[in-house]
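Single-structure report; data block below.
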Amino acid sequence: MATGTSSIFNYFKRKRNNSSTSSVNSSAPSPDNKKIKEIVEDYSIIQELAESQETIMSDANIIEQITKDIESKLDTFFENIKGKLKEEVKGVFEDLMKRLQGLEQKVEHLDKENIELKRKLVHMEQYGRRPNIRIFGVKEEPRENCKAQVAKLLQTKLKLDITEEDMDAAHRVPQRAKDRPKPIIVRFFKRDDKEKVMRNRKQLKNTGISVAEDLCSEMLQLYNRVKNDTLRVQDCWVWRGEIFFKDHKGEIHKVHYGEPLQSLDVPVMRFNP
């Protein structure tokens, strides 16, 4: 601002000097007139400078106002953009949340379907094993005939009139323990013959031989979990491929695959410290 005013002042000073020079060349005024003329010219310069300064100040105010208007409009513009972006992001987030909830519901539904399907498959597999038994502790022999061995065992130990012709199949199955004979799986043509064996198996007590239901792997794991839950279970057994247990109050419960014991109304035995 100071530089601009100085330039204007110099401009008017040069103008005055030029005017004075031309006046001297035309005529030679008296010293008093010359002094008065210089004062008048200086006043004119000062007046013009004041007017120029007012114009400059007015222009500066206008520029400042324009700048404020631009800043205000920019602030409004960015606030509008921010609000629109916020609404758009909120909309996208809400849409994603709805989709996520939908997917969670689908996953939960599929989990329930898978559990129910697994139950049905386990039930079907176990149902197909109803004519089967497993015999443990029968000594292995070279070139053995499992059907003949089983028929002899049932006739001599259990006093049952069951022959090889009553059996659909009899064979040994692998096991982890290497120091004991492999168990024998027997499949009868009639479930009645199988149940006769199960009812009379107590006669094998103290012989080193035992007979059990042929459980599929899932039902065997369930049986072991129930049997080992001593806080709730006093006794556990299998009958016709289904698992039962007696609680510490003497009440008998049936356990279904996929059903935890915690979901049953079974009292838990408490130990006094």
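Taking the criterion of being under 20 Å from Leu220 (Cα atoms) and not in a strand (DSSP E or B), the residues of the range 131-177 that qualify are Pro131, Gly137, Val173, Pro174, Gln175, Arg176, Ala177. The criterion of being of a type in the set (A, V, I, L, M, F, W, C) and at pLDDT below 95 does not hold for Leu154.
Of the residues Leu231, Leu220, Leu215, which single one is aliphatic (A, V, I, L, M) and without any contact (Cβ under 8 Å) to a residue 24 or more places away in the chain?
On the way: Leu231 fails: without any contact (Cβ under 8 Å) to a residue 24 or more places away in the chain; Leu215 fails: without any contact (Cβ under 8 Å) to a residue 24 or more places away in the chain.
From the options Leu231, Leu220, Leu215, the qualifying one is Leu220.
If you go through the range 120-145 and pick out every residue that is open to solvent by less than 90 Å² (accessible area, probe 1.4 Å) and on the phi < 0 side of the Ramachandran plot, you end up with 16. The lone criterion from (1) aliphatic (A, V, I, L, M); (2) surrounded by 17 or more Cβ atoms within 10 Å (Cβ to Cβ); (3) within 41 Å of the chain's Cα centre (by Cα); (4) in a loop (DSSP other than H, G, I, E, B) left unmet by Leu231 is number (2).
Give the range 195-215 a look and list any residue that's of a type in the set (Lys, Arg) and closer than 21 Å to Gln175 by Cβ, or say none.
The first filter runs over the range 195-215 and keeps only residues of a type in the set (Lys, Arg), leaving 196, 199, 201-202, 205.
Scanning the range 195-215 gives a single hit, Arg201.
Each row is one residue, and each column tells you yes or no for (1) touching a Leu at 6+ places or on another chain (Cβ under 7 Å); (2) over 30 Å from Leu154 (Cα atoms); (3) loosely packed, with under 13 Cβ neighbours inside 10 Å; (4) modelled with pLDDT under 95.
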| residue | (1), (2), (3), (4) |
| --- | --- |
| Ala177 | no, no, yes, yes |
| Lys205 | no, no, yes, yes |
| Gln221 | no, no, yes, yes |
| Lys227 | no, no, no, yes |
| His248 | no, yes, no, yes |
| Pro267 | no, yes, yes, yes |
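Inspect the range 187-198 for any residue being within 18 Å of Gln126 (Cβ to Cβ), of a type in the set (Phe, Trp, Tyr) and either part of a strand (DSSP E or B) or open to solvent by 80 Å² or more (accessible area, probe 1.4 Å) (or both) and give the result as yes or no. Scanning the range 187-198 turns up at least one residue that is within 18 Å of Gln126 (Cβ to Cβ), of a type in the set (Phe, Trp, Tyr) and either part of a strand (DSSP E or B) or open to solvent by 80 Å² or more (accessible area, probe 1.4 Å) (or both).
Quick grid of which residues meet (1) at pLDDT 80 or above; (2) open to solvent by less than 100 Å² (accessible area, probe 1.4 Å); (3) within 30 Å of Tyr257 (Cα to Cα):
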site	(1), (2), (3)
Glu54	no, no, no
Ser58	no, yes, no
Ile66	yes, yes, no
Phe77	yes, no, no
Asn80	yes, yes, no
Val89	yes, yes, no
Met97	yes, yes, no
Lys112	yes, no, yes
Leu117	yes, yes, yes
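Of all residues in the range 55-76, those that are among the hydrophobic types (A, V, I, L, M, F, W, C) have Cβ atoms under 9 Å from Cβ atoms of residues that are not in a helix (DSSP H, G or I), 6 or more apart or on another chain, in Ile56/Met1; Met57/Met1; Ala60/Met1. Checked against the criteria, Ile62 counts as modelled with pLDDT of 80 or more and among the aliphatic types (A, V, I, L, M).
The values are calculated or read from the model by the stated rules, or taken from the named source; none is laboratory data. Nothing here was measured: the structure is a model prediction, and the numbers come from that model. Backbone-built Cβ (ideal geometry, glycine too); neighbour counts: all protein chains shown. All accessible areas refer to the heavy atoms of the entire protein, side chains included, with ligands and DNA or RNA removed. Shrake-Rupley method; radii C 1.70, N 1.55, O 1.52, S 1.80 Å.
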